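As C-alpha cells, the structure follows; a few thoughts come after it.
Computed from the coordinates by the stated procedures, all read-outs in this text should not be read as laboratory data. Just so it is clear, the model here is predicted, and its values are computed rather than measured. As a convention, Cβ positions derive from the backbone with ideal geometry for all residues, glycine included, and neighbour counts pool all protein chains shown.
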Amino acid sequence: MTTSNRHSAAFVGFGESRVFRGPDVPLGELTVEASLEAIKDAGLELSQIDGLVCTPDAPFSRGRSADGIEFVSTSFMKNALGIHPRWCADVPGTIANSTLAAIRAVEAGECNYALLFRALHNPGSGKYGHTEEKNSGEIEMSGPDANFAIEQFRASYGLYPPADGAALPWSQYQAKYGSGSREQMAALVIQSRKNGLAYEGSYWARYKPIELSIDDYLNARMVSRPVSIFDCDIPVQGAGAFIITTAERAADLAKPAAYVHGIADGVPARRSITVDEALEEQMEQNRDIGRRLWADARCGPADIRLANLYDGFSIMTILWMEAFGLCGEGEAFDFIQGGTIAPSGRLPINPSGGNLGGGRMHGINHLMDGMLQVAGRSGARQVNNVDLAVVALGMGWAAGALVLGKSPV
Amino acid sequence: MSLHPPLPVADEISKPYWDGIQDRRLLVQRCAGCERLQFPPDAACGACASTELAFVEMSGEGAVFSFSQTVSGARHPYFQSISPYLVGMVELDEQKGLIFPSNFPGSEYSDLEIGAAVKVEFQEIANGVLIPQFGLVGAAGSKGLK
C-alpha cells in the first residue's frame, strides 16, 4: 500500500476531564484539567505549548455566553495556563474544524506543539436549544447560528433540526432501501453502550454502568419517530484535549504517536431548508468528504481496520459507513448485525462508545479512540492489528474526517 | 389563539414570498438565466448565480418527501401543547428538489407514506397570519396540526 507523503502531523497526547451531567464544575476548570492531562500524556512541559486551537461554539446557550462558563476560548486558556503561544485560533463549527486547523498549523510550521481543546457545556436545566422561540412570535436567537434566516421557513412548523434532522433522512432511508427498522438499529445502539461502558472516562461508565437490552431500546421514549431517546446522545459537561506536533518531533517522545495520513473538510451545502433533513444531501456531503479523504490518504475503505464515525444520532453512523464505502449503500443495517462492528469483529465501530455510548462530547471520544488505537495505547479496549483507522467528526459543513496510522507517512 | 407557533419574520429577500402566502398564493423564485425554480428565496440563483429572480406561483401539488412524528422534545410551548404532531417535507411537482416543510394537517402518522400526493392549503396560525401546509390528497383537512 502506498501512502501520502503530504502529511507530517502526529497526535502525541490526550487528556480528558471528569464528565458531568450538568455544570457541577466550571467548564474552564475542566478544560484546564483536560489540557494539563494531555500535556503530561505527551511528556511535554507547559512552556513548550506554542499553539492553541479550539472550537469555542457552545452547542447551546441561553442568552448568556461567558468565557470559561458556557464556552472556552483560546484567550481564556492562554491566560489560565499562563503560556505565550505564537499561534491561536478559535475555529467555528465542531471539533472537526479545529482539529484540521491544528494539523495544518503544525504542518505549516506555525507552531511546534499545538494544544487542541474542546469544551462542552450543559446547562443542566432541561433547556437545551440554540434557537429559542418566544410565544410573542419572534424567533429569538441566543447563540450563533449561520442558518438563522432559514428559521423563518421552518420554526412555524415545530421543525427542529437536531432530532428531525435525524428522523427525516431515516424515514427516507427506510423508504428507499426497505431497510432500517428500529429492530435493526438496536445492534448499533446496544453495541455502542457496551463499548462506552468499557471506557472508564465515559458518562455511562461513571454514572450508569448498565448495558442496554433490546427491550430497553425498542420500548424507549420516542423523540421524533423513528428516533428514540437512545438514538440521541446524552448531553454532558466536560472537556477533552489533544497535543499535535510533527512526526519528526513525535519520534523524540516516550509514547507512540498516531500519524495523520489524510484529512478532508466538509463544505457548505446549498442553501435549503432541508440541509439537515434530506437523506441525499447528507449522503452527498459525506461521499464528497470520503472521496477527498481516500485520495489524500492514498488508501481506501478496504485498508481500514476500525472506524470512529460520528454518532450524535444513531443514523449518522449508518450514513458515514455507506458514504465512506465501508459497506454498500443500503446495506449498513444488515452489516451491523451479528457482531461485525464489535471490538472483536471485522470492522469495529466506535470501540470507545462514541457519543451514544460515552455522552455528548461532540467527537472527542471518536478522535481519542482513533488516536489511541493506532498508537496501540487503548489498553483493554485495544483492537488487534490496527494499522489504519478512519475518524469522521460532525456532519455536514461542520464535518471533517481523518485517516490515522500507526506508522509515519 | 393566545398560544401559537412562532411567526415567520420576513426579510428583504423573502418578503414577496410571505406576502404571497398571505394572499393564499405559493410563490417561489424563478431564475431568468436558467429557469430554475428556487425555494427558499435567496439573493442569487443557486445554479447559475444570476440575480434576475422573479416570483412565480406554484400549483401547490406535490408528494411526501420525508416525515416524522415529534412525540417528545418540542421546545416551544405551543408545540409542547400539541405533541405528538406530524412534521416532514414535501417535494413540489414542478421541480425535483423543491422542498417545503409541512405538518400534514388532517392525517395520522400511519397515513403517511413517502411519495403520497399532497396539495397546498393555507393555515392561520395566529390572527391573520398564514403559513403554507400540505395535506394528503383525499385527507379530511384540518385546522389543527395533529
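Once the convex hull of the C-alpha atoms of the range B:44-113 is built, how many Å³ does it hold per residue, rounded to a whole number?
138 Å³
Calculate the spin-label point distance for A:Ile229 paired with B:Ala43, positioning each point 7 Å from the Cα along the beta-carbon direction, and give it in nanometres.
Roughly 4.4 nm, to one decimal.
For the range A:305-409, what ratio Rg/Rh do Cα atoms give with a Kirkwood hydrodynamic radius? Could the numbers behind the result be given before it?
Details: Rg = 12.6 Å, Rh = 13.5 Å.
Rg/Rh for the range A:305-409 comes to 0.93.
Student exercise: in the protein assembly as shown, how many lysine pairs 8 or more apart or on different chains have Cα atoms under 19 Å apart?
8
Looking at the protein assembly as shown, what % of its DSSP beta bridges pair antiparallel, to the nearest 5?
80 percent
From the alpha carbon gyration tensor of the range B:11-57, can you work out the equivalent ellipsoid semi-axes (sqrt of 5 times each eigenvalue) and give them in Å, largest to smallest?
The equivalent ellipsoid of the range B:11-57 has semi-axes of 19, 11, 7 Å.
Output the direction-averaged projected area (hull surface divided by four) of the convex hull of the alpha-carbon atoms of chain A, in nm². Each step should come with its number before you reach the end.
Working: hull surface 72.5 nm².
Mean projected area for chain A: 18.1 nm², to one decimal.
With contacts defined as alpha carbon pairs under 8 Å and 6 or more residues apart, what's the relative contact order of the range B:59-146 in percent?
31 percent
Work out the FRET efficiency for A:Val25 and A:Glu248 from their Cβ-Cβ distance, taking R0 = 41 Å, and round it to the nearest 0.05.
Efficiency at R0 = 41 Å is approximately 0.65.
Using only Cα atoms, what is the ratio of the radius of gyration of chain B to 2.2 N^0.38 Å?
Rg over 2.2 N^0.38 Å, computed on Cα atoms: 1.07.
Show that you can apply the helix-only estimate: for chain B, add -39,500 (n - 2.57) for every DSSP H stretch of four or more residues, divide by all residues, and state [θ] at 222 nm to the nearest 500. Mind dumping the intermediate values first?
Working: 2 runs with 14 residues, N = 146.
Calculated mean residue ellipticity at 222 nm is -2500 deg cm²/dmol.
Kindly provide the GluC sites (Glu not before Pro) of the range A:1-110 that DSSP labels as loop, not H, G, I, E or B, and whose Cβ sees at most 15 other Cβ atoms within 10 Å.
Answer in residue order: A:Glu45.
Which residues' amide hydrogens lie under 5 Å from the amide hydrogen of B:Arg36, considering only partners 5 or more residues apart or on another chain, with H built in the peptide plane?
HN-HN under 5 Å from B:Arg36: B:Cys31.
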